[in-house]
């Protein structure tokens, strides 16, 4: 059963916890592909957005991010997903849509919530595989005053 699509709420200057997944039927991301996605996430950190934390798993991505300037969350996610999908199709021979069109996003409303989400993102590989030193996770630029 298809769940109804709820509107995505956005606020200027907001920080978000966002998750998106591979489209059903796509093979899991290889280590090379995870590196490609991680590199794309870090590419404009501190310029177009502040990337508080990220993890690229084998079938999904989590980020804690604050878009900067006039870039909205939807535009930022479209850029990441479109760029990485094209790269994955060219370099790995993937066919069709790579990412699901849906995403889960939530505005972070407090410093406590921020730290909980950062911890969740960075410990995702530990919870899933018991891997502590995971190369496709990390923190980006840390702005003054979250």
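The values are calculated or read from the model by the stated rules, or taken from the named source; none is laboratory data. Keep in mind that what you see is a predicted model, and the values were worked out from it rather than measured. Ideal geometry is used to build each Cβ from the backbone, glycine not excepted, and the neighbour counts take in all protein chains shown.
What to note about this one:
- When residues of the range 75-100 are limited to those that are part of a loop (DSSP other than H, G, I, E, B) and out of contact with any strand residue (DSSP E or B) (no Cβ under 9 Å at 6 or more places or on another chain), the one farthest from residue 21 (Cα to Cα): 93
- Complete set of residues in the range 102-119 that are in contact with a helix residue (DSSP H, G or I) (Cβ under 9 Å, 6 or more places away or on another chain) and closer than 22 Å to residue 84 by Cβ: 103, 105, 106
- Residue count for the range 41-53 under the criterion of being more than 12 Å from residue 66 (Cα to Cα) and surrounded by 19 or more Cβ atoms within 10 Å (Cβ to Cβ): the result is 1.
- Search result, residues across the range 73-101 that are in contact with a helix residue (DSSP H, G or I) (Cβ under 8 Å, 6 or more places away or on another chain) and either touching a residue at least 12 places away in the same chain (Cβ under 8 Å) or within 20 Å of residue 137 (Cα to Cα) (or both): 80, 83, 84, 87, 88, 91, 92, 94, 97, 98, 99
- Every condition in (1) exposed (fewer than 12 other Cβ atoms within 10 Å of the Cβ); (2) touching a helix residue (DSSP H, G or I) at 6+ places or on another chain (Cβ under 7 Å) is met by residue 70 except one, and the failing one is (2).
- Residue match in the range 31-41 (condition: touching a helix residue (DSSP H, G or I) at 6+ places or on another chain (Cβ under 9 Å) and not in a helix (DSSP H, G or I)): no
- Filter pass, residue 114 being within 16 Å of residue 15 (Cα to Cα) and either within 11 Å of the chain's Cα centre (by Cα) or in a loop (DSSP other than H, G, I, E, B) (or both): no
- Odd one out for residue 135, checked against (1) exposed (fewer than 14 other Cβ atoms within 10 Å of the Cβ); (2) free of Cβ contacts under 8 Å to residues at least 60 places away in the same chain; (3) touching a helix residue (DSSP H, G or I) at 6+ places or on another chain (Cβ under 8 Å); (4) over 17 Å from residue 22 (Cα atoms): (2)
- For the range 18-40, the set of residues classified as touching a residue at least 60 places away in the same chain (Cβ under 8 Å), more than 15 Å from residue 100 (Cβ to Cβ) and surrounded by 14 or more Cβ atoms within 10 Å (Cβ to Cβ) consists of 34, 35, 38, listed by residue number.
- Top-ranked residue of the range 1-17 - restricted to ones that are under 23 Å from residue 55 (Cβ atoms) and surrounded by fewer than 19 Cβ atoms within 10 Å (Cβ to Cβ), ranked as modelled with the lowest pLDDT: 8
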